[in-house]
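Report on one structure; see the data block that follows.
The values are calculated or read from the model by the stated rules, or taken from the named source; none is laboratory data. Keep in mind the model is a prediction, meaning the values are calculated, not measured. Note: ideal-geometry Cβ built from the backbone for every residue, glycine included; neighbour counts use all protein chains shown. When the accessible area is computed, the model is the full protein with side chains, heavy atoms only, and any ligands, DNA or RNA have been set aside. Shrake-Rupley method; radii C 1.70, N 1.55, O 1.52, S 1.80 Å.
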Amino acid sequence: MSLEDFAARFRPGIRAKLDWNALAEACANVRVETFAGDEAKQRLAALFTVWYADSTGADSSWNAPDSLPLRVGAADRTLHSWPDSRSRTVTALTRAFSASPEPVSLTVPAYRVGWGRHVLLDGNHRAVAAHQADVDVHLTVCSLVAPVCESILPDLRHHVAPSP
């Protein structure tokens, strides 16, 4: 998948402050990986959301000084402090996924921040709901491969390797 194809498919749903021009200048490419069975569940749980927790375990914003990114598998630890709209959406999706006899098929855009490490750019609610529903998942991750730099995406400040 080319960057142009990625943008055509996912850009309308991505609300993160992704600098598309910087991605193009960095010659970003896209890697598509598909997983099923237990591996899909493990990969899903390991994805980073664009949701954050503060040092008390409450929901926080990406730019709060002590905020830490949450993985899909740990996102519910801030459930008690989620905004109502997030809670309602995740609850409704979890119920729908649990009621379906078919595996949940998720195709999500992400940003690769290291070997096997990805930040979701869209689909956070669906991913967390599928994980909470504990159902079979077919997961396709379309990940941008580019420098891990907060000038491309501010959320990446949480994933930049420390300088030596």
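Sort through A75, A45, A99 and tell me the only one that's in contact (Cβ under 8 Å) with a residue 60 or more places away in the chain, out of contact with any Asp or Glu (no Cβ under 8 Å at 6 or more places or on another chain) and more than 15 Å from S143 (Cα to Cα). Walk me through it before giving the result.
Values: A75 fails: in contact (Cβ under 8 Å) with a residue 60 or more places away in the chain; A99 fails: in contact (Cβ under 8 Å) with a residue 60 or more places away in the chain.
Checking each option against the conditions leaves just A45.
Note on the stretch 14-43: among residues that are surrounded by fewer than 19 Cβ atoms within 10 Å (Cβ to Cβ), part of a strand (DSSP E or B) and aliphatic (A, V, I, L, M), the one that is farthest from the chain's Cα centre (by Cα) is A36. Restricting to the stretch 133-144, name every residue that is open to solvent by 20 Å² or more (accessible area, probe 1.4 Å) and either more than 15 Å from the chain's Cα centre (by Cα) or within 16 Å of I14 (Cα to Cα) (or both). D134, V135, D136, H138 - these are the residues of the stretch 133-144 that are open to solvent by 20 Å² or more (accessible area, probe 1.4 Å) and either more than 15 Å from the chain's Cα centre (by Cα) or within 16 Å of I14 (Cα to Cα) (or both). Of all residues in the stretch 67-99, those being open to solvent by 50 Å² or more (accessible area, probe 1.4 Å) and either of a type in the set (G, A, S) or assigned to a strand (DSSP E or B) (or both) number 7.
Take D66 and tell me if it is under 30 Å from A26 (Cα atoms) and free of Cβ contacts under 8 Å to residues at least 40 places away in the same chain. When the stated conditions are applied, D66 passes them. For the stretch 108-125, filtered to residues that are open to solvent by 40 Å² or more (accessible area, probe 1.4 Å) and assigned to a strand (DSSP E or B), the residue that is nearest to P69 (Cα to Cα) is R117. Listed conditions (1) closer than 23 Å to V104 by Cα; (2) assigned to a loop (DSSP other than H, G, I, E, B); (3) open to solvent by less than 20 Å² (accessible area, probe 1.4 Å) are all met by I152, apart from (1). Note on the stretch 44-59: residues that are under 16 Å from Y111 (Cβ atoms) and either assigned to a loop (DSSP other than H, G, I, E, B) or open to solvent by 80 Å² or more (accessible area, probe 1.4 Å) (or both) amount to 1.
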